[in-house]
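The values are calculated or read from the model by the stated rules, or taken from the named source; none is laboratory data. Quick caveat: nothing in here was measured; it's all calculated off a predicted structure. Methodologically, a virtual Cβ is constructed for each residue, glycine included, from the backbone with ideal geometry; neighbour enumeration extends over all protein chains shown. SASA here: full protein model, heavy atoms, side chains in, ligands and nucleic acids out. Shrake-Rupley method; radii C 1.70, N 1.55, O 1.52, S 1.80 Å.
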Amino acid sequence: MTENNTNDNNEAEGPAPERVVGTPKAGEGVVSGTSAAPESGHEGPYKASETHARPEEMQRRGEKIASVWFVLAFLGGIGFLASYFVFGPEAIADPQIAQYSNMLLGGTLTLAMFGIGAGMTVWARQVMPHYEVASPYDELPSDEQEKGSFGAFFMRSADESGFTKRPLMRRTLILAMLPLGLAPIVLLRDTGPLPGGKLKNTVWEPGLRMYVEGTHRAIRADDFEDDPNAMISALPAIDDEDHPHGISLDEQAKSVVLLIKIPEDEWEERMTEEIEGTDGVTRLNWTHNGIIAYSKICTHVGCPAALYERTTHRILCPCHQSTFDAANAAEVVFGPAHRPLPQLPISVDDEGYLIATGDFTQPPGPTFWDYAKD
């Protein structure tokens with residue numbers, strides 16, 4: 001028995017096996033202080049012989065570094081929420097301000113996410129122990145004893161990871177996660193309020209003059225006299241000092257129109273039909289001396305239908321080639337659009353300037369949820 005014991009000890013003291021990647025360097029201790037310590041004194045989730053703790057000095061340094069990253073993540077999260085409220089929906093209508101808003105939102109969110117990731121990396125590499133674990137495949141499902149031991153295993157893991165023993169790191173991690181936890185709730189603001197009738201109505205009203213798009217020059221009916229097939233893109237004559245072009249981009253997108261001059265002997269059948277909802281009014285009643293106004297916004301997906309073929313009176317949307325017949329109430333003659341361009345009723349005022357006599361009778365732009373296809 002003595003010789004056998006001696007041989008066993010000699011074999012144990014033989015050449016050390018080659019170090020495996022992820023194992024501690026020579027001289028690093030395990031959680032229990034030494035690999036020869038009895039496993040009964042080790043309370044971690046894995047065996048003491050499989051658990052290699054970091055030096056206490058490294059753990060304390062890692063705790064401080066991870067906490068700094070978590071504080072930076074917290075500041076980034078607060079910055080994200082602040083940036084979201086500083087630039088409201090009206091402010092980001094300006095493309096330049098929208099660019100600044102996107103940069104701040106993206107930058108602060110990146111800082112928040114990167115800070116949490118960097119802190120967790122430092123935590124795992126400098127605070128938590130690392131393991132050499134061999135876990136053979138077990139039969140499924142687990143027996144009742146294994147299921148019952150999961151809670152104890154989880155708590156031992158939390159304690160050994162430093163989450164319960166390192167309050168500075170734990171508190172800064174929770175602090176860093178708070179803004180990101182609130183972000184989805186804050187972003188719910190973008191789901192409302194409901195648009196109501198905003199998509200169906202525009203700023204056009206009786207007596208409102210028209211400007212050539214991109215200018216502040218009012219349009220007279222006489223501007224079409226020299227060209228029997230002229231086409232002008234126009235906007236409501238509004239001079240709002242809060243907007244560079246006198247009208248907000250949202251209103252421009254809904255109210256822009258095409259003014260087209262068509263010889264009166266070239267009107268087609270639908271122009272003489274009575275307009276639904278009116279008392280004997282036809283589409284020709286909404287024109288003036290052969291000038292007709294149609295919404296410029298394609299009823300397919302909202303692109304500008306701004307190409308006009310004078311000889312055939314076709315309005316073409318360049319995005320998906322939807323084609324409308326301007327001489328026949330903007331009926332669809334080709335392409336994916338299934339609804340005509342809405343017509344704007346027009347006339348002239350006492351000074352000969354073109355004016356609107358009302359708003360569109362149908363919602364301008366692409367078909368939306370409560371408009372059924374014919």
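Using θ = phi - 60° and the Karplus form 6.51 cos²θ - 1.76 cosθ + 1.60, what ³J(HN,Hα) does each residue of segment 160-166 get, whole Hz, x for Gly and Pro? For segment 160-166, the Karplus curve yields 6, 6, x, 5, 8, 8, 10 Hz.
Ligands, DNA and RNA aside, residue 255 has an accessible area near 0 Å² when probed at 1.4 Å.
Computed over protein heavy atoms with a 1.4 Å probe, the carbon and sulfur contribution to the accessible area of segment 136-284 reaches 56%. Computed from the C-beta positions of residue 177 and residue 57 and an R0 of 25 Å, the FRET efficiency is 0.35 to the nearest 0.05. Around the amide H of residue 344, modelled in the peptide plane, lie the amide H atoms of 293, 294, 295, all under 5 Å away and 5 or more residues distant in sequence or on another chain. For residue 275, the solvent-accessible surface with a 1.4 Å probe is about 10 Å², rounded to the nearest 10. For residue 220, nonlocal amide neighbours, meaning residues 5 or more places apart or on other chains whose placed amide H falls under 5 Å from its own, are 354.
Could you order peptides 206-213, 321-328 by the average number of other Cβ atoms within 10 Å of their residues, highest first?
321-328, 206-213
The calculated FRET efficiency for residue 190 paired with residue 158, based on their beta-carbon distance and R0 = 45 Å, is about 0.75.
Protection proxy ranking of 182-193, 105-116, by the mean of other Cβ atoms within 10 Å over each peptide's residues and highest first, is 105-116, 182-193. Computed with a 1.4 Å probe over protein heavy atoms only, the accessible area of residue 154 comes to about 120 Å².
Solvent-accessible area per residue for segment 39-131 at a 1.4 Å probe radius, Å²?
56
The alpha carbons of segment 269-374 give a radius of gyration and a Dmax of 13.8, 42 Å, in that order. Using θ = phi - 60° in the Karplus curve 6.51 cos²θ - 1.76 cosθ + 1.60, the 3J(HN,Hα) couplings for segment 82-91 round to 5, 4, 5, 8, 5, 9, x, x, 6, 5 Hz; x is entered for Gly and Pro. Annotation: amide H of residue 333 within the under-5 Å range of 323, 324, 325, sequence separation 5 or more or interchain, hydrogens built in the peptide plane. Heavy-atom accessible surface of segment 185-290, averaged per residue, reaches 60 Å², computed with a 1.4 Å probe. Carbon-plus-sulfur accessible fraction, segment 39-131 (probe radius 1.4 Å, protein heavy atoms only): 65%. Residues 100, 294, ordered by accessible area of protein heavy atoms at a 1.4 angstrom probe radius and largest first, appear as 100, 294.
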